[in-house]
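Okay, structure first, notes after.
The values are calculated or read from the model by the stated rules, or taken from the named source; none is laboratory data. Quick caveat, the model's predicted, so the values are computed rather than measured. All Cβ positions, glycine included, derive from the backbone under ideal geometry; neighbour counts span all protein chains shown. With ligands, DNA and RNA removed, areas are computed over all heavy atoms of the protein, side chains included. Shrake-Rupley method; radii C 1.70, N 1.55, O 1.52, S 1.80 Å.
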Amino acid sequence: MEAISHFDSKKGDTMRWKFFLLFFASLFALETLAAQHGRGLRFDPKWKEKASPADFIHMPRSLVAPAEYDARTVVTLSPVIDQGQCGSCWDFSANSTFRDDQIFQKAVTSGYSDTSTQQLLSCNPWGYNCEKGGMFDAGRFFVSPGIASTQAYGPYTASDGTCKQGVSASWKAAQWKYVAGQENGATMDAVKTAIMTYGPVGIGVAAGNDWDSYSGGILSGSKCTSKQLNHAVQIVGWSDSGQYWIVRNSWGPSWGEKGFIRLGYQCDGLGSLDGANVFIFDSSPTPGPTPGPTPGPTPGPTPPPGPCALPTASTGYAGTATVTAGNIYVLGTKAVSGESYLWTASPAFDGGAKPTTAQIRYKPNKTKKLTITATNSCGSSSASTLFTLKTGKDKVYH
C-alpha cells in the first residue's frame, strides 16, 4: 500500500507539473501572439472638430443595403498582408483600402496596385512609425504626394527605416473622404452604402486580447470588452442575420478566417463607426491631343460602338421591383463597364446610382415618371417612362 500511495503521489505531482507547463506555455503563446500583432493606431478623438465640410462624403439614403453583402464576392480583392511585429496597422489599413477601392471602382486595369507599405512608413511627414500612426493622415498621403510601387521603393521590412529620396509616386487617389450620413458622422447605412459604391472602408477598432487568439466565428457579446480604438482595419461586408461586420485584418492570411474576422455590430468600438473612410478615383481617361485629318481610303461600314460610345438609357423591360414596408428594391441588368446609371422620378423621390442595381425609396400604388440617365466618359443620355408600382413584384424600366 505504501508503494502504491507513493506512486499515486508521484503521479499527482507529475500531472500537476504537466498542468503548470501547459498553463504557462499557453500564456507564453498568447504573449508571443500579442507581441507579433502590432496595434499602433493613435486615434484622435477630436477628428470631427478638426475636419472641414469638404472632408466628408455624404451617402444618399436611397441606396437600401441588402441584408447580406460581401465585397469579396463582387470583385477579387488584393491579398491579405501581414504587418509583422511593427505597429503599422494605420499604414496597412490605408494601403489595403486604396488597393481595394481602386479595384472596386475599376481604376486599375487588372490585378491590384502593389503599393509600397514601406514608403508610407518611412517617408510620412508626421513622424509616424512602428509605435504609432494615424490612419486619417495616412489616407491623405495617397492623394498627395501619392504612393510608389513596392518594386520602385523596396520591400516592407517591419521597421521604421530611413526614407529613400527621389522615388516617384506610381499612383494617386483623386480624393480621400470620411464617410458620413446626413450629418458629419458615419451611420451603419452610410458605411454599407459606401462599401457598395466605392469598395471596402477603412476603420479603427478596439482590438482586445481576444483578437490575439481568434481563429474563427463571430466575436460579439461578452468578448467585446475593449473600448479604446487602437487598431486600423477594413470593413468589406456585413450580415444583418448574423449581426456582424466582415472585417479584414493585417496579421496575415493564417490569422482568423484567412485573415478576416466576423465582428459584432456593436463590438470593439464599431458601434460608433468613427472615422470610416474611403478613396475615390477619377477613372475618366486623360484626353490626348486632337488629331488632325487622316487621309486614307473611303471608310467602310461604321464599326460597333467602342468603349467611348455614348451610353444608351433604354426604357425596355429590365427587371422587377419588390415593395416591402415602403421601400422598393429595383434590380436592373448589369451596366456596361465604365457606365453609371442615375434614377430620378417625378413627383420626386430619392434616386440611387450603382453599376449593377438601383434601389428606390418610394410609396407604392402611385404613378411615377421615371427618368434614367446613363453616363460615361463621352457624355450622358436619358430616357423616361410612366409606371405604377404596387405592393409585390412589378415591372420596371431601365
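Some values worked out for this structure:
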| quantity | calculated |
| --- | --- |
| Meets criteria (surrounded by 16 or more Cβ atoms within 10 Å (Cβ to Cβ), touching a residue at least 24 places away in the same chain (Cβ under 8 Å) and outside any helix (DSSP H, G or I)) for Leu121 | no |
| Residue that is farthest from Trp90 (Cα to Cα), among those in region 260-283 that are buried (at least 18 other Cβ atoms within 10 Å of the Cβ) and among the small types (Gly, Ala, Ser) | Gly264 |
| Residue under evaluation Thr32, criteria (1) of a type in the set (Val, Ile, Thr); (2) modelled with pLDDT of 50 or more; (3) exposed (fewer than 15 other Cβ atoms within 10 Å of the Cβ), criterion not met | (2) |
| Residues within region 225-245 that are touching a Pro at 6+ places or on another chain (Cβ under 8 Å) and basic (Lys, Arg), tallied | 0 |
| Residue pairs meeting the criteria (Cβ under 6 Å; at least 6 apart or on separate chains; first touching a residue at least 24 places away in the same chain (Cβ under 8 Å), in region 56-75; second assigned to a strand (DSSP E or B) and open to solvent by 20 Å² or more (accessible area, probe 1.4 Å)) | Ile57/Lys177; Ser62/Arg361; Val64/Asn327 |
| Candidates Gly161, Gly166, Gly146 - the one that is free of Cβ contacts under 8 Å to residues at least 24 places away in the same chain and within 29 Å of Gly84 (Cα to Cα) | Gly166 |
| Qualifying residue in region 189-196 (condition: open to solvent by 20 Å² or more (accessible area, probe 1.4 Å), under 23 Å from Asp100 (Cα atoms) and over 21 Å from the mean Cα position of the chain (by Cα)) | no |
| Those residues of region 230-254 which are of a type outside the set (Asp, Glu) and part of a loop (DSSP other than H, G, I, E, B), in sequence order | Asn230, Ser241, Gly242, Gln243, Asn249, Ser250, Gly252, Pro253, Ser254 |
| Some residue of region 124-133 being over 22 Å from Pro45 (Cβ atoms) and either touching a helix residue (DSSP H, G or I) at 6+ places or on another chain (Cβ under 8 Å) or open to solvent by 30 Å² or more (accessible area, probe 1.4 Å) (or both) | yes |
| Members of region 253-285 found to be at pLDDT 95 or above and farther than 29 Å from Glu49 by Cβ, listed by number | Pro253, Ser254, Trp255, Gly256, Glu257, Lys258, Gly259, Phe260, Ile261, Arg262 |
| Which listed residue, of Thr187, Thr97, Thr197, is among the β-branched types (Val, Ile, Thr), touching a Pro at 6+ places or on another chain (Cβ under 8 Å) and touching a residue at least 60 places away in the same chain (Cβ under 8 Å) | Thr97 |
| Members of region 82-115 found to be out of contact with any Cys (no Cβ under 9 Å at 6 or more places or on another chain), surrounded by 24 or more Cβ atoms within 10 Å (Cβ to Cβ) and hydroxyl-bearing (Ser, Thr, Tyr), listed by number | Ser93, Ser96, Thr97, Thr115 |
| In region 134-170, residue most open to solvent (accessible area, probe 1.4 Å) [restricted to those that are aliphatic (A, V, I, L, M) and over 23 Å from the mean Cα position of the chain (by Cα)] | Ala152 |
| Count - residues of region 171-187 that are open to solvent by 60 Å² or more (accessible area, probe 1.4 Å) and of a type outside the set (D, E, K, R) | 4 |
